[in-house]
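Below is one structure, written out as structure tokens, with a few remarks after it.
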Amino acid sequence: MSDTTAAPTSNELAVQRTDMALGRTVMALERTLMAWLRTALSLISFGFTLYKVLEPLVDKGTVTMRANAPRNLGLFLIFLGIGLLLIGIFEYTTAKKRLIGDSEKKLPFSFTLVASIAILLVGVFTILNIFFGFGGFKRLIMKVGSNRSVSLPVLKDAPPGFHLLSKPSGSTCNINCTYCFFLSKEALYPE
């Protein structure tokens, strides 16, 4: 019996290699956009967090800085994140259009682009929250003393308090909780 499948021609091999190269290029574009996305998300979230943490401290007088410094620093980082994400989206879309123009193949749908647009909207949402108190975080103004007011971020319908305890877990823990699983394991590690 002889094998009836013919070896691929050089043109067929070239097309296969070109398709694989196109796939690698699209994946590289996706990875690059994800790097822009990570950077933007870090800047946006860090800017919003700095604003929400520093503003009440400045209002209380615990931290000495200008009155609008937390807002301005937070907005700078958020706008920087949004700007970098817009640059990343622009680079991604122009490179993808160039690939589409050079190839007759249909490129796959980009979930990274959808995530980038969603993070862009989150950035806009945080700016609206800082300027107008729009969203889940409102500002609660409490009168303190004669002329001072303290501004505290609160969640709508939040419980009155929330506490979190973080402790090490292991046989050498010094908290000595009676319910701990690791207490009986302390004998396994003699000193």
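The values are calculated or read from the model by the stated rules, or taken from the named source; none is laboratory data. As the structure is a computational prediction, the values presented were derived from the model and not from experiment. As a convention, Cβ positions derive from the backbone with ideal geometry for all residues, glycine included, and neighbour counts pool all protein chains shown.
Search region 87-138 for residues being of a type in the set (Lys, Arg) and surrounded by fewer than 18 Cβ atoms within 10 Å (Cβ to Cβ), and hand back the single one that is farthest from residue 35 (Cα to Cα).
Of everything passing the filter in region 87-138, 138 is farthest from residue 35 (Cα to Cα).
Assess whether residue 37 counts as being free of Cβ contacts under 8 Å to residues at least 60 places away in the same chain and surrounded by 13 or more Cβ atoms within 10 Å (Cβ to Cβ).
It is false that residue 37 is free of Cβ contacts under 8 Å to residues at least 60 places away in the same chain and surrounded by 13 or more Cβ atoms within 10 Å (Cβ to Cβ).
Given the conditions (1) part of a helix (DSSP H, G or I); (2) touching a helix residue (DSSP H, G or I) at 6+ places or on another chain (Cβ under 9 Å), report the number of the one that residue 125 does not fulfil.
For residue 125, the failing item is (2).
Would a scan of region 56-65 turn up a residue that is modelled with pLDDT of 85 or more and over 16 Å from residue 91 (Cα atoms)?
Taking every residue of region 56-65 in turn, none turns out to be modelled with pLDDT of 85 or more and over 16 Å from residue 91 (Cα atoms).
Which of the residues that make up region 43-77 are of a type in the set (Ser, Thr, Tyr) and either within 17 Å of residue 128 (Cβ to Cβ) or crowded, with 16+ Cβ neighbours inside 10 Å (or both)?
Of everything in region 43-77, those that are of a type in the set (Ser, Thr, Tyr) and either within 17 Å of residue 128 (Cβ to Cβ) or crowded, with 16+ Cβ neighbours inside 10 Å (or both) turn out to be 45, 49, 51.
Restrict the check to region 93-112 and report whether at least one residue is under 20 Å from the mean Cα position of the chain (by Cα) and either in contact (Cβ under 8 Å) with a residue 60 or more places away in the chain or not in a helix (DSSP H, G or I) (or both).
Looking for residues that are under 20 Å from the mean Cα position of the chain (by Cα) and either in contact (Cβ under 8 Å) with a residue 60 or more places away in the chain or not in a helix (DSSP H, G or I) (or both), one finds at least one in region 93-112, hence yes.
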